[in-house]
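The values are calculated or read from the model by the stated rules, or taken from the named source; none is laboratory data. As the structure is a computational prediction, the values presented were derived from the model and not from experiment. Don't worry about glycine lacking a Cβ; one is built from the backbone with ideal geometry, like all the others, and counts go over all protein chains shown. Only protein heavy atoms, including side chains, enter the accessible area calculation; ligands, DNA and RNA are left aside. Shrake-Rupley method; radii C 1.70, N 1.55, O 1.52, S 1.80 Å.
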Amino acid sequence: FGFIFFVLSGAALGSTLQIYIFDDFMKFSSVQKTIAHGGTMLATALGSLALAPLVRQFEKKGAVCRVAALSVCSELLLGLLFLTGFLQVDQKAGGFPFAFAVFTLLHSAYWFGNGVLIPAAVSMIADVSELNEIASGFNKHASYAAVLSLCMKVAMAFAGLAAGYGLSWAGFQVGFGAIQTLQSIWRVGVLTFVAGPLVSLAALLLIINYPVNKAFIEARRRESAELQMQTSSDVS
């Protein structure tokens, strides 16, 4: 539950601040915003599709650790490139919008990671619920689902609250025709490229010692089946 809380909080914080990055930090045109935002949605969908083969290859823990690292590093790299001024937001290479392409690629990679992490986290809750049933003999799937729903809502609320306070800290001006200072725009970049990934990094740190994999679950199932057979034999 802690893992999914931080995964969703990081994703919600990023999605909340994303429009400010498009409009004020990167100063995208309407076409560029459409391409960049469409790229994030497509990447998220591709991440969901990639989840099953990644789990087959690396198990759930291995898959989420690798993808979370990719997601966090992609967004932090954006911060390193743009917040330091190493790459200018309007930089081109032979007329090609190089900065726009780099941003879209790396930011989409961040959302590819979220596309993997969110459904993976939900499936991990299902695993834990099954293990609890094996250990206790009681089906508490509905209870786990209820706590999961609560956890997701709390994560969304936390992200909205954090984004609001973050924008206030940045000095972001509201209202039609409001003019943002360079400092406030830079701080919004810090919130998006650094704070968001660090929240996701907390999720990665939580899952490092997660012991459950396919072999672990199958071992518990065998133990449960053997115990049931032994109990039946004793009764007979």
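How large is ³J(HN,Hα) for each residue in segment 180-197, as worked out from phi by the Karplus curve 6.51 cos²θ - 1.76 cosθ + 1.60 (θ = phi - 60°), to whole Hz, x for Gly and Pro?
Going residue by residue, I get 8, 7, 4, 5, 5, 5, 5, 5, 5, x, 4, 4, 7, 7, 10, 5, x, x Hz, with x marking Gly and Pro.
At 4 °C and a viscosity of 1.567 mPa s, what translational diffusion coefficient does Stokes-Einstein give for segment 9-113, taking Rh as the Kirkwood radius over Cα pairs? Give it in µm²/s as a whole number.
This corresponds to a translational diffusion coefficient of 89 µm²/s.
Counting helices only, and only those DSSP H runs with n ≥ 4, report the 222 nm mean residue ellipticity of the chain as the sum of -39,500 (n - 2.57) divided by its residues, in deg cm²/dmol to the nearest 500.
The helix contribution divided over the chain gives -28000 deg cm²/dmol.
Taking all protein chains as present, what is the carbon and sulfur share of the accessible area of the chain, in % to the nearest whole number, probe 1.4 Å?
About 68 percent, which is the carbon plus sulfur part of the accessible surface.
With every protein chain present, what is the per residue accessible area of segment 1-63 (1.4 Å probe, Å²)?
47 Å²
More than 18 angstrom separation, counting every C-alpha pair in segment 95-176; what % is that?
Working: 2242 of 3321 pairs.
Of the Cα pairs, 68 percent sit more than 18 Å apart.
How much area per residue is accessible in segment 64-183 when the probe is 1.4 Å and only protein heavy atoms are counted (Å²)?
Heavy-atom accessible area per residue stands at 54 Å².
So which aspartates and glutamates pass the test for K214, namely a Cα distance under 17 Å, with those fewer than 8 places away in the same chain ruled out?
Filter leaves E59, D127, E130, E133, E223.
Would you mind classifying segment 69-113 by shape? Square roots of the alpha carbon gyration tensor eigenvalues, ordered a ≥ b ≥ c; an a/c under 1.5 is rounded, otherwise it is prolate if a/b is larger than b/c and oblate if not.
It comes out oblate by the Cα gyration axes.
Please say if segment 45-101 is rounded, prolate or oblate, where rounded means a/c under 1.5 for a ≥ b ≥ c the square roots of the C-alpha gyration tensor eigenvalues, and otherwise the choice is prolate for a/b larger than b/c and oblate otherwise? Walk me through the intermediate numbers first.
On the way: a/c = 4.87, a/b = 2.30, b/c = 2.11.
Cα axes put segment 45-101 in the prolate bin.
Between segment 201-216 and segment 20-78, how far is it from one alpha carbon centroid to the other, in angstrom?
21 Å
Dividing the alpha-carbon Rg of segment 133-214 by 2.2 N^0.38 Å yields what?
So the Cα radius of gyration is 1.66 times the expected 2.2 N^0.38 Å.
Order 17-24, 102-109 from most to least packed using the mean count of other Cβ atoms within 10 Å.
So the order, starting with the most tightly packed, is 102-109, 17-24.
Of (1) 165; (2) 132; (3) 179, which is the value of volume of the Cα convex hull per residue in Å³ derived from the coordinates here?
After the calculation, the listed value that fits is (2).
Hey, which of these cross-link pairs are over 26 Å Cα-Cα: K33/K61; K61/K153; K27/K61?
From K33/K61; K61/K153; K27/K61, over 26 Å: K33/K61; K27/K61.
Report the extension gain between I134 and Y165 in nm, rounded to one decimal, defined as 0.36 nm multiplied by the number of residues separating them, less their alpha carbon distance.
Taking I134 through Y165 to full extension adds about 6.8 nm, to one decimal.
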